[in-house]
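*Asks:* Below is the structure I would like to discuss, written out as structure tokens.
The values are calculated or read from the model by the stated rules, or taken from the named source; none is laboratory data. These numbers come from a predicted model, not from an experiment. Glycine also receives a Cβ, built like all others from the backbone with ideal geometry; neighbour counts cover every protein chain displayed. SASA here: full protein model, heavy atoms, side chains in, ligands and nucleic acids out. Shrake-Rupley method; radii C 1.70, N 1.55, O 1.52, S 1.80 Å.
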Amino acid sequence: MKKTWAAYPYIFWIIIFTIVPMGLLIYFSITVKTPTGTIISMDNFRRFTEPIYLKVLARSLTLAAISTVCCLLLGYPAALFLSSRDLRHKNTMVLLMVLPMWMNFLLRTYAWLTLLERKGLINTLLGKIGIPPLNLLYNDFAVVLGMVYNFLPFMVLPIYSVLSKIDHSLIEAAEDLGADPLRTFLKVRLPLSLPGVMSGITMVFMPAVTTFVISRLLGGGQYTLIGNLIEQQFLTVGDWNFGSAISLMMMLIILIGMGFTSRYEKEQEGGGLW
Amino acid sequence: MVKYFLKRGYLFLLYAFLYAPIIVLAFYSFNSSRSRGTWDGFSLKWYIQMFQDRQILTSLYYSLVIGIISSVVATIIGTMAAFGINNMKTLPRTTVMNLTYLPVLNPDIVTGISFMLLFIFIRLKLGFITLLLSHITFNIPYVILSVLPRIKQLDKNMYEAALDLGATPAVAFRKVVLPEIMPGVITGLLLAFTLSLDDFVISFFNTGSGVSTLSITIYSMARRGINPKINALSTLMFVSILTLLVIINLMMSRQKNSKEKESKEVL
């Protein structure tokens, strides 16, 4: 069984479908088309530093950061309560947290469309108690709400899995030594749950930065995040060189970010989703 | 006691936040008028219209065909690859594994675009074939990641014992190795199928005119605004996923029970 030939089809597949596409992405990002032909240039990256594009980047990062903080604030207590030992029907409760993740995220996003729109349920209910319709859709609020709604389980689950693995004798020891519940939490549970928090942050922040669907559906046609910018460059503007450059930068940001958190997780024996 | 109710109450509110939109969506799929704010009586007309909508039916067909073919092909290539990778020396193994992780970690949109660049570069017309190839590609890593741990746990002595007892390598593989790794292979297959059905971003960039999956159809309909047919479709999809999960859970618990019985009998 010391043979490696079984992996050859896969290696062939990797070369064609992983390495060559990455090479093409790099090639397009460092070249520009001129009337006389294609030349190597850093213009695409230079163009990205123009204020209007930096603004898009800043906006994407800010919204993703806000969503991540909201998910953490909402999700940490939930994970803590789910992992508490006196909770009845615990398995059902955890399953209920996972279930929405099995629903297509387009449909989850679309569900908010029907709630938030001008003639939607929320505005109709508000109208019944005499409040004029609000503009709930097509703004930052709607986009952040969509992100939090879609990614909240990704924050709860890793934190929950780390919290429920904590050796209970540690908590008992802290209590025996006279620590009150708050102190036990701050000195024992919280530090031990940090690896879960780190993977939760990664799993919410990364997809939130790169999304173009949530921003298109809940932010409206004019709403531009970095993902929408890439989509536009390829599908409407047709500037593949600039689009590739933005994609490459985004990929680097994500991979470097992942590198940081995964190193942290390895040291701490963190709990991921897989 | 108060604390317990506070905890329960908090979880209840959070679940309400998670489920209310889905329930409202399902509720209005039975509304006889197009409006979302008012209730005009019970009706199944959106379900009937959905089943008469050619676009929805063809995209359901494409989703299923691509899901099945891509998960099966990915499972075959991925399982073989897992065996090969397991036998590799350290340096090639880490190289291949890092390349395997790349599409998993990379943002979907970057993966989708890099495939698109490749297909246009080799002048393959965007359509069914490109959609299928891209789905196979993003499915393989998940198969490898679920099969590889099983192969690592294999007891080599069992395989060699089978050979010593006169089994040909093929028979030994089929009778000894395959049953051991099967749970990993099945998990990989199901994971690949689910991911393929669920994918939108990569499909969006790699499809051509005429070919669209369910996700792409939903996106293009949702972009034009509210459409009660989508409500009907999502209700059906949610109910079928729910049933599937319940069945899988029941099967797994039954398997577990019978295994426990077996082990008790052995003891």
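*Asks:* Probe radius 1.4 Å, ligands and nucleic acids left out: can you give me the accessible area buried at the B-A interface, summed over both chains, in Å² to the nearest hundred? Don't skip to the answer; put the middle values down first.
*Replies:* Values: alone 17930 and 17160 Å², together 27530 Å².
Answer for the B-A pair: about 7600 Å² buried.
*Asks:* When the solvent-accessible surface of protein heavy atoms is calculated with a 1.4 angstrom probe, in what order do A:247, B:146 fall, highest first?
*Replies:* Values: A:247 0, B:146 25 Å².
Listed by decreasing accessible area, they come as B:146, A:247.
*Asks:* Could you tell me what percent of the accessible area of segment A:131-274 is made up of carbon and sulfur, with a 1.4 Å probe and every protein chain present? Don't jump to the answer; show the numbers that get you there.
*Replies:* Numbers: 4070 of 6490 Å².
Carbon plus sulfur share of accessible area: 63 percent.
*Asks:* Could you work out which residue, out of A:137, A:74, A:126, moves most in a Gaussian network model of chain A, that is, has the largest mean-square fluctuation with Cα springs under 10 Å?
*Replies:* Top of the fluctuation ranking is A:126.
*Asks:* Separate question: Count, for each residue of B:80-87, the Cβ atoms from other chains sitting within 10 Å of its Cβ, then give me the mean as a whole number.
*Replies:* Other-chain Cβ atoms within 10 Å of each residue's Cβ, averaged: 6.
*Asks:* How would B:118, A:72 rank on accessible area, largest to smallest, probe 1.4 Å?
*Replies:* Details: B:118 5, A:72 50 Å².
Solvent-accessible surface, decreasing: A:72, B:118.
*Asks:* Taking only the alpha-carbon positions of the protein assembly as shown and ignoring solvent, what does the Debye formula give for the base-10 log of I(q)/I(0) at q = 0.09, 0.10, 0.12 Å⁻¹?
*Replies:* Results for the protein assembly as shown at q = 0.09, 0.10, 0.12 Å⁻¹ read -0.78, -0.96, -1.35.
*Asks:* May I pose another question? Solvent-accessible area of residue A:239, probe 1.4 Å, all protein chains present, reported in Å² to the nearest ten, please.
*Replies:* 40 Å²
*Asks:* A further question on this structure: Please average, across the residues of A:247-258, the number of beta carbons from any other chain that are within 10 Å of each residue's own beta carbon, and give a whole number. Don't skip to the answer; put the middle values down first.
*Replies:* On the way: counts 9, 2, 0, 4, 9, 0, 1, 4, 6, 0, 1, 3.
The per-residue average across the peptide is 3.
*Asks:* If I model a spin label at residue A:58 and residue B:190 as a point 7 Å from the Cα along the Cα→Cβ vector, what separation in nanometres do I get?
*Replies:* 4.8 nm
*Asks:* Of the cross-linked pairs A:3/B:156; A:165/B:156; B:89/B:156, which ones have a Cα-Cα span greater than 25 Å in the structure shown?
*Replies:* Values: A:3/B:156 14 Å; A:165/B:156 32 Å; B:89/B:156 17 Å.
Over 25 Å Cα-Cα: A:165/B:156.
*Asks:* Using the Cα centre of segment A:123-271 as origin and beta-carbon charges of +1 (Lys, Arg) and -1 (Asp, Glu), tell me which of A:134, A:204, A:226 is placed farthest towards the positive end of the dipole.
*Replies:* Ranked along the dipole, the leading option is A:134.
*Asks:* So, with +1 on the Cβ of K and R and -1 on the Cβ of D and E, and no other charges, what is the size of the charge dipole of the protein assembly as shown about its Cα centre, to the nearest 20 debye? Mind showing how you got there, number by number?
*Replies:* Working: 45 positive and 27 negative charges, 135 e Å.
That gives a dipole near 640 debye.
*Asks:* Continuing with the same structure: Per residue, what accessible area does chain A have, given a 1.4 Å probe and all protein chains present, in Å²? Can you show the working numbers first?
*Replies:* Details: 13430 Å² over 274 residues.
The answer is 49 Å² per residue.
*Asks:* Mind pulling up the Rg/Rh value for segment B:1-41? Radius of gyration and Kirkwood radius, both on Cα.
*Replies:* Working: Rg = 15.4 Å, Rh = 12.1 Å.
Using Cα coordinates only, the ratio equals 1.27.
*Asks:* Pick from A:112, A:102, A:13 the residue whose mean-square fluctuation is largest in a GNM of chain A, springs joining Cα atoms under 10 Å.
*Replies:* A:13
*Asks:* Further, regarding this structure: Hey, rough spin-label estimate for residue B:23 and residue A:26, points 7 angstrom out along Cα→Cβ, what's it come to in nanometres?
*Replies:* 5.3 nm
*Asks:* Give a residue-ordered list of calculated ³J(HN,Hα) values for segment A:108-120 (Karplus: 6.51 cos²θ - 1.76 cosθ + 1.60, θ = phi - 60°; whole Hz; x for Gly, Pro).
*Replies:* In residue order, the calculated couplings are 5, 5, 4, 4, 6, 4, 6, 7, 8, 5, 4, 9, x Hz.
*Asks:* Related question: No solvent, one uniform scatterer per C-alpha: report log10 I(q)/I(0) for segment A:51-268 via the Debye equation at q = 0.17 1/Å, two decimals.
*Replies:* -1.20
*Asks:* Convex hull volume of the Cα atoms in chain B, per residue, in Å³? All intermediate terms of the calculation are to be shown ahead of the outcome.
*Replies:* On the way: hull volume 62.3 nm³, N = 267.
In chain B, the Cα convex hull volume per residue is 233 Å³.
*Asks:* Could you name every residue in segment B:96-118 that has 40 Å² or more less accessible surface in the full protein assembly than in its own chain alone (probe 1.4 Å, ligands and nucleic acids excluded)?
*Replies:* B:99, B:102, B:105, B:106, B:107, B:109, B:110, B:113, B:114, B:116, B:117, B:118
*Asks:* Once the piece of chain linking residue B:152 and residue B:251 is laid out straight, how much longer is it, given 0.36 nm per residue of separation minus the C-alpha distance between them? Spell out each step's value before the answer.
*Replies:* Numbers: separation 99, 0.36 × 99 = 35.64 nm, distance 2.59 nm.
The residue B:152-residue B:251 span can extend by a further 33.0 nm.
*Asks:* Just from its helices, what would the mean residue ellipticity at 222 nm be for chain B, if runs of 4 or more DSSP H residues each count -39500 (n - 2.57) and the sum is divided by every residue, rounded to the nearest 500 deg cm²/dmol?
*Replies:* When only DSSP H runs of four or more count, the value is -27000 deg cm²/dmol.
*Asks:* Still on this structure, I have one more. With +1 on the Cβ of every Lys and Arg and -1 on the Cβ of every Asp and Glu, and nothing else charged, how large is the dipole of segment A:138-198 about its Cα centre, in debye rounded to the nearest 20?
*Replies:* Numbers: 4 positive and 6 negative charges, 31 e Å.
For segment A:138-198, the charge dipole is close to 140 debye.
*Asks:* What part of the accessible area of chain B, given as a whole %, is carbon or sulfur when the probe is 1.4 angstrom?
*Replies:* On the way: 9570 of 14110 Å².
Solvent-exposed carbon and sulfur of chain B make up 68 percent of the total.
*Asks:* Okay, moving on. How do A:129, A:39 rank by accessible surface area computed with a 1.4 Å probe, from largest to smallest?
*Replies:* Details: A:129 125, A:39 85 Å².
Correct descending sequence by accessible area is A:129, A:39.
*Asks:* Would you mind pulling out the separation of the Cα centroids of segment B:177-238 and segment B:1-68, in Å?
*Replies:* 17 Å
*Asks:* Is segment B:128-267 best put as rounded, prolate or oblate by its Cα gyration tensor, with a ≥ b ≥ c the root eigenvalues, rounded for a/c under 1.5, and otherwise prolate when a/b is larger than b/c, oblate when not?
*Replies:* Note, shape of segment B:128-267 comes out oblate.
*Asks:* Hey, what do the phi angles of segment A:98-106 turn into as Karplus ³J(HN,Hα) couplings, whole Hz, using 6.51/-1.76/1.60 and θ = phi - 60°, x for Gly and Pro?
*Replies:* Using θ = phi - 60°, the values come out as 7, 3, x, 5, 7, 8, 3, 5, 5 Hz.
*Asks:* For residue B:58, tell me the accessible area in Å² from a 1.4 Å probe, rounded to the nearest 10.
*Replies:* Answer for residue B:58: close to 60 Å² accessible.
*Asks:* At 1.4 Å probe size, with no ligands or nucleic acids counted, give the accessible surface of residue B:62 in Å², nearest ten.
*Replies:* Residue B:62 exposes around 50 Å² with every protein chain in place.
*Asks:* Once you charge only the Cβ atoms, +1 for Lys and Arg and -1 for Asp and Glu, what is the size of the charge dipole of segment B:52-252 about its Cα centre, to the nearest 20 debye? Provide the component values of the computation, followed by the final result.
*Replies:* Details: 13 positive and 8 negative charges, 75 e Å.
In debye, rounded to 20, segment B:52-252 gives about 360.
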